[in-house]
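The values are calculated or read from the model by the stated rules, or taken from the named source; none is laboratory data. No experiment lies behind these values; they were computed from the predicted model shown. Cβ sites come from the backbone with ideal geometry, for glycine too, and all protein chains shown count toward neighbours. Just so you know, the surface numbers come from the protein's heavy atoms only, side chains and all, with ligands and any DNA or RNA stripped out. Shrake-Rupley method; radii C 1.70, N 1.55, O 1.52, S 1.80 Å.
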Amino acid sequence: MSMPLVTVHGPDDVRLDQVPTPTADNDDAIIKVSLCGICGSDIGYIAMGGLGTLSPMPLGHELVGTVENVGKHVNDLRPGDRVVVNPMANSNAIGNGGPEGGFAPYLKVRGVATDHKALLKVPDSISDEQAALVEPLSVALHGCHKGQARAGDKALVFGAGPIGLSAVVALRYLGVANIVVTDLSDFRLSIARQLGATTVNAASGELADVLTEQHGSAELMGMPMPATDLYLETTGARSAFEQIVSLGKTGARVVVLGLHKEPVPMDLVNLLMRELVITGSMAYDNEFDEVLTMLGSGQVDVAPLVSHQFPLSRFNDALVQARQTDQTAKVLVNCQH
């Protein structure tokens with residue numbers, strides 16, 4: 001038996017290969033993949049030709065599915081259980097340089113018997129479309145935790161891509177109501193508004209004025225500054241980080257979630273003067289459980305995050321759409337079609 005699997009063979013060389021359908025060893029589980037989301041890192045892996053030494057490299061790590069079968073050492077899961085996959089549990093690196101990828105009808109998840117966080121059961125109240133967003137929502141929620149987001153904060157999210165939009169959802173769940181989002185895409189900003197944020201196009205030159213209007217003004221050595229408490233930088237753009245540092249009030253908290261591919265100079269006198277608290281946020285710790293609780297609570301609406309859905313047989317079309325960032329949010333791939 002064979003099945004299709006999306007793999008990267010080299011720079012900008014992504015293919016839908018035929019590979020053997022996986023089978024479970026004693027500690028493993030086989031997942032029948034329902035939906036898998038295209039992540040910005042997937043696009044990056046394709047551009048660079050993969051990650052590490054594995055070639056071809058399987059892709060796909062944002063997924064939901066159903067347990068097909070399990071090894072004899074797996075006691076807490078049974079066929080038919082709906083689950084989300086933590087791709088980094090048990091050092092599996094699913095879709096991130098490991099031997100398995102989620103853009104396939106079936107996925108082998110190794111070490112489920114010994115790492116009980118590798119697969120998490122999905123409550124019936126959560127749809128597959130919602131569950132497919134657990135991984136990016138966990139990335140965003142981890143960033144909010146690193147920034148010590150709390151009720152009453154006034155926040156700015158730089159970037160309305162899937163992680164920035166997920167951050168809006170996470171912030172609102174944590175009680176942050178006053179959120180401004182800036183991006184160059186009017187399409188993505190319209191989604192941010194659906195999620196309850198105030199928006200400003202980054203090209204308008206009006207960001208400081210909008211922040212002051214929404215968040216009020218704070219004084220820095222006699223100069224007025226927006227009274228924004230928390231900045232989440234999800235773009236990876238040098239100009240975005242530099243703008244945050246120029247806007248930050250005394251004690252503002254800054255979280256870098258975007259992948260910056262070039263060095264960004266830092267004026268340490270400016271850092272000193274503003275007493276900025278700057279931290280990075282990479283992936284997640286234990287946020288999967290909290291995101292499942294968040295989605296099950298019914299307190300958040302994540303439907304606007306999904307802009308497109310394609311069958312696995314049209315993965316290349318899905319990839320073209322995902323690359324059109326000015327008119328796309330999250331693209332999901334149905335791995336059973």
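Evaluating Ala218 against the criteria (1) touching a Pro at 6+ places or on another chain (Cβ under 9 Å); (2) part of a helix (DSSP H, G or I) leaves one unmet condition, (2).
Out of all the residues in segment 238-265, which are more than 24 Å from the chain's Cα centre (by Cα) and either open to solvent by 50 Å² or more (accessible area, probe 1.4 Å) or among the basic types (Lys, Arg) (or both)? Within segment 238-265, Ser246, Lys249, Thr250, Pro265 meet the criteria.
Name the residue that is surrounded by the most Cβ atoms within 10 Å (Cβ to Cβ), counting only residues in segment 194-216 that are out of contact with any helix residue (DSSP H, G or I) (no Cβ under 9 Å at 6 or more places or on another chain) and of a type outside the set (A, V, I, L, M). Let's see the steps before the verdict.
Just the residues of segment 194-216 that are out of contact with any helix residue (DSSP H, G or I) (no Cβ under 9 Å at 6 or more places or on another chain), to begin with: 203, 205-206, 209, 212-216.
Add one more test, that the residue is of a type outside the set (A, V, I, L, M), and what stays is 205-206, 209, 212-216.
Values: Gly205: 9, Glu206: 13, Asp209: 12, Thr212: 17, Glu213: 14, Gln214: 18, His215: 22, Gly216: 14.
Step by step, filter segment 194-216, then rank; the result is His215.
Given the condition within 24 Å of the chain's Cα centre (by Cα) and within 28 Å of Leu259 (Cα to Cα), answer yes or no: does some residue in segment 63-74 qualify? Yes, some residue in segment 63-74 is within 24 Å of the chain's Cα centre (by Cα) and within 28 Å of Leu259 (Cα to Cα).
Would you confirm whether or not segment 93-101 contains a residue that is farther than 22 Å from Pro20 by Cα and not in a helix (DSSP H, G or I)? No, segment 93-101 contains no residue that is farther than 22 Å from Pro20 by Cα and not in a helix (DSSP H, G or I).
Looking across segment 289-337, the residues that are among the hydrophobic types (A, V, I, L, M, F, W, C) and over 13 Å from Gln130 (Cα atoms) come down to Phe310, Leu312, Phe315, Ala318, Leu319, Val320, Ala322, Ala329, Val333, Cys335. Suppose the filter is surrounded by fewer than 17 Cβ atoms within 10 Å (Cβ to Cβ) and among the polar types (S, T, N, Q); does Thr23 pass it? Criteria met by Thr23.
Might you let me know whether segment 225-237 holds any residue that is open to solvent by 60 Å² or more (accessible area, probe 1.4 Å), closer than 30 Å to Gly40 by Cα and assigned to a helix (DSSP H, G or I)? Give the derivation first.
If we filter segment 225-237 for residues that are open to solvent by 60 Å² or more (accessible area, probe 1.4 Å), which is where we start, we get 235.
With closer than 30 Å to Gly40 by Cα added as a condition, the list becomes 235.
Next cut, assigned to a helix (DSSP H, G or I) only: none.
Checked segment 225-237: no residue is open to solvent by 60 Å² or more (accessible area, probe 1.4 Å), closer than 30 Å to Gly40 by Cα and assigned to a helix (DSSP H, G or I).
How about segment 289-304: which of its residues are out of contact with any Ser or Thr (no Cβ under 7 Å at 6 or more places or on another chain) and among the aliphatic types (A, V, I, L, M)?
Here is the first cut: in segment 289-304, the residues out of contact with any Ser or Thr (no Cβ under 7 Å at 6 or more places or on another chain) are 289-290, 292-295, 297-304.
Selection gives Leu292, Met294, Leu295, Val300, Val302, Ala303.
The single condition from (1) touching a helix residue (DSSP H, G or I) at 6+ places or on another chain (Cβ under 6 Å); (2) open to solvent by less than 10 Å² (accessible area, probe 1.4 Å); (3) not in a helix (DSSP H, G or I) that Val112 fails is (1).
Could you please let me know if Ile94 is at pLDDT 95 or above and either open to solvent by less than 20 Å² (accessible area, probe 1.4 Å) or in contact with a His (Cβ under 7 Å, 6 or more places away or on another chain) (or both)? Steps first, please.
Values: at pLDDT 95 or above: yes; either open to solvent by less than 20 Å² (accessible area, probe 1.4 Å) or in contact with a His (Cβ under 7 Å, 6 or more places away or on another chain) (or both): yes.
So Ile94 fits the description; yes.
Evaluation of Tyr106 against the conditions (1) under 22 Å from Val333 (Cβ atoms); (2) open to solvent by 10 Å² or more (accessible area, probe 1.4 Å); (3) in contact with a His (Cβ under 7 Å, 6 or more places away or on another chain); (4) not hydrophobic (A, V, I, L, M, F, W, C) shows that the sole unmet condition is (3). Every test in (1) open to solvent by 30 Å² or more (accessible area, probe 1.4 Å); (2) assigned to a loop (DSSP other than H, G, I, E, B) is passed by Gln18 save one, and that test is (2). Report, by residue number, each residue of segment 48-89 that is open to solvent by 20 Å² or more (accessible area, probe 1.4 Å), at pLDDT 95 or above and not in a loop (DSSP other than H, G, I, E, B). Matches in segment 48-89: Thr66, Glu68, Asn69, Val70, Arg82.
This table checks each residue for (1) in contact (Cβ under 8 Å) with a residue 60 or more places away in the chain; (2) open to solvent by 40 Å² or more (accessible area, probe 1.4 Å); (3) out of contact with any Asp or Glu (no Cβ under 7 Å at 6 or more places or on another chain).
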site	(1), (2), (3)
Glu129	yes, yes, yes
Val134	yes, no, yes
Gly143	yes, no, yes
Gly147	yes, no, yes
Ala155	yes, no, no
Gly159	yes, no, no
Ala167	yes, no, yes
Ile179	no, no, yes
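Scanning segment 184-193 for residues that are buried (at least 19 other Cβ atoms within 10 Å of the Cβ) and either touching a residue at least 40 places away in the same chain (Cβ under 8 Å) or closer than 14 Å to Arg150 by Cβ (or both) yields Ser185, Arg188, Ile191.
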